[in-house]
Amino acid sequence: TVSGDNLVENGVTVRFNVATWAADNGFFYLPSSTAAITAAAEHLAKAGYNAIRVHGIENWLLSGSTGEWQVNATRLDLFYFFISECKRVGIYWVMNPMNWWLGVDMAGATDRFAMSHSDGGMKTRIYTQQEARNHWLAGINAIYNKVNPYTGINILQDPAMLMLELYNEYEV
């Protein structure tokens, strides 16, 4: 519940210790083993984290794809499993999509840094073009506005969702 400007759980003000996870080239991908994912979530909880900021998951989900919205179904399932395991151990989620790559055609690239921001980049266009806003919304619906098969709850409606940052780096 909310009391003033505090989040309160069972009468106690909640303080958040947030880990950031970026599934991107140069950072860390999710392991393909569900046992390793479970161990990672449990390790984060034991280390005192109670929230995780998931940054730019769409880069990993689209890596190597050709065509818009070619989300890797196996990776998407691992992502859903990961957040369900975080929830199981008491870790809230902060979802932080990278708006200018949300659903773009990766043209086979596995590294978003190899892509040109002018080729479909939505970062500056989201403020002025309805097409860019529609593209962003389609991405939110394709990845986040779904029932997580491991929890049975829509991700955006799950009580474990602490916050959805509309997109990363709001500046123009």
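Report yes if T38 is farther than 21 Å from L156 by Cβ, in contact with a helix residue (DSSP H, G or I) (Cβ under 7 Å, 6 or more places away or on another chain) and in a helix (DSSP H, G or I), otherwise no. Against the criterion (farther than 21 Å from L156 by Cβ, in contact with a helix residue (DSSP H, G or I) (Cβ under 7 Å, 6 or more places away or on another chain) and in a helix (DSSP H, G or I)), T38 qualifies. The residues of the stretch 47-61 that are out of contact with any Cys (no Cβ under 7 Å at 6 or more places or on another chain) and open to solvent by less than 50 Å² (accessible area, probe 1.4 Å), listed by number, are G48, N50, A51, V54, H55, G56, I57, E58, N59, W60, L61.
Residue by residue through the stretch 129-143, note down the ones that are basic (K, R) and not in a helix (DSSP H, G or I). Walk me through it before giving the result.
Here is the first cut: in the stretch 129-143, the ones basic (K, R) are 133.
Once the filter is applied, which keeps residues that are basic (K, R) and not in a helix (DSSP H, G or I), the stretch 129-143 yields nothing.
Just to be sure, is T110 modelled with pLDDT under 85, of a type in the set (V, I, T), open to solvent by 60 Å² or more (accessible area, probe 1.4 Å) and out of contact with any strand residue (DSSP E or B) (no Cβ under 8 Å at 6 or more places or on another chain)? Spelling it out, T110 is indeed modelled with pLDDT under 85, of a type in the set (V, I, T), open to solvent by 60 Å² or more (accessible area, probe 1.4 Å) and out of contact with any strand residue (DSSP E or B) (no Cβ under 8 Å at 6 or more places or on another chain). Take the conditions (1) out of contact with any Phe, Trp or Tyr (no Cβ under 6 Å at 6 or more places or on another chain); (2) open to solvent by less than 40 Å² (accessible area, probe 1.4 Å); (3) modelled with pLDDT of 95 or more; Y80 misses just one of them, which is (1).
Residues are listed down the side, and each one gets a yes or a no for (1) modelled with pLDDT under 90; (2) open to solvent by less than 70 Å² (accessible area, probe 1.4 Å); (3) not small (G, A, S):
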{"site": "D5", "(1), (2), (3)": "yes, no, yes"}
{"site": "A22", "(1), (2), (3)": "yes, yes, no"}
{"site": "G26", "(1), (2), (3)": "yes, no, no"}
{"site": "A40", "(1), (2), (3)": "no, yes, no"}
{"site": "S63", "(1), (2), (3)": "yes, yes, no"}
{"site": "E85", "(1), (2), (3)": "no, yes, yes"}
{"site": "V94", "(1), (2), (3)": "no, yes, yes"}
{"site": "W100", "(1), (2), (3)": "yes, yes, yes"}
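The values are calculated or read from the model by the stated rules, or taken from the named source; none is laboratory data. No experiment lies behind these values; they were computed from the predicted model shown. For neighbour counting, all protein chains shown are included, and Cβ atoms are generated from backbone atoms with ideal geometry for every residue, glycine included. Ligands, DNA and RNA are excluded from the accessible area calculation, which covers all protein heavy atoms including side chains. Shrake-Rupley method; radii C 1.70, N 1.55, O 1.52, S 1.80 Å.
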